[in-house]
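To keep things clear, I will list the structure first and then write my remarks on it.
The values are calculated or read from the model by the stated rules, or taken from the named source; none is laboratory data. Remember, predicted model here, so these are calculated numbers, not experimental data. When we count neighbours, we look across all protein chains shown, and the Cβ atoms used for this are built from the backbone with ideal geometry, even at glycine. Surface areas here come from the heavy atoms of the whole protein model, side chains and all, with no ligands, DNA or RNA. Shrake-Rupley method; radii C 1.70, N 1.55, O 1.52, S 1.80 Å.
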Amino acid sequence: MNTRVKDVVAKLYRPPTQGRRIFALGRGDAERIPLIPGVAMISITAPEKGPAQLPEYEQLLRLSFADVDFLGELSARAAEKLPDAMTKEDAEGILEFVKALPQTVHTLVVHCEGGFSRSAGVVKALKELYGYEAEDTRLVQANPSVMKTLLAAAKSVEKKKKRKNG
């Protein structure tokens with residue numbers, strides 16, 4: 001077990017004093033994390049890869065979408081992956097999953113293949129939406145398209161709720 005995984009596992013055993021904590025990890029590190037009570041996971045794999053080998057989490061959301069930032073100019077390689085980019089439905093699934101987490105869940109681990117782009121985008125958006133405690137230094141390469149899609153989905157859900165209740 002590498003130093004990063006040991007550090008994260010130690011933190012997973014110590015719940016935060018307030019609210020929830022959230023981590024962005026790479027697939028290899030996430031696959032080394034043991035099943036720990038109070039921990040939920042969002043597993044994001046690339047469409048061309050199989051599912052991550054994870055313990056049987058009670059709260060586990062599996063998604064598959066490509067690491068594409070579609071907000072700027074697209075390279076030829078990125079344009080090829082665009083059909084497999086994160087969708088509004090993926091974002092809504094994440095929001096539903098997070099809202100349904102029981103109070104006993106104190107930490108959420110989000111992993112993608114590398115742990116720096118898609119997972120960091122999800123972590124950064126959830127931190128903004130819910131005030132989760134996160135390691136900001138791990139979020140500098142967060143995928144802006146993932147963040148924007150998730151934040152837009154949250155805004156859309158809120159508008160629908162207001163119309164329904166108003």
Whole-percent tail of the Cα-Cα distance distribution for the range 61-140, cut at 22 Å, equals 28
Proximal lysines to Lys88, defined as alpha-carbon separation beneath 23 angstrom and excluding residues fewer than eight positions away on the same chain:
Lys49, Lys99, Lys124, Lys127, Lys148, Lys155, Lys159, Lys160, Lys161, Lys162, Lys164
Fully extended, how many nm does the chain gain between Thr3 and Ala79 (0.36 nm per residue separation, minus their Cα-Cα distance)?
23.7 nm
Per residue, how large is the accessible surface of the range 60-144? Use a 1.4 angstrom probe and give square angstrom.
50
Check: C-alpha center the range 63-86 vs C-alpha center the range 137-166, spacing in Å is 19
Long-range HN-HN contacts of Ser64 with modeled amide H, under 5 Å:
Thr45
Magnitude of the Cβ-charge dipole (Lys and Arg +1, Asp and Glu -1) of the range 1-59 about the Cα centre, nearest 20 debye, reported as 300
Computed over the chain: relative contact order in percent, which uses C-alpha pairs under 8 Å that are six or more apart:
30
Carbon and sulfur together cover what percent of the accessible area of the range 24-166 at a 1.4 Å probe radius?
51
Counting only residues 5 or more places away or on other chains, whose amide H sits under 5 Å from the amide H of Val109 once H atoms are built in the peptide plane?
Phe23, Ala40, Met41, Ile42
Taking only the alpha-carbon atoms of the chain, the convex hull volume per residue, in cubic angstrom, is 123
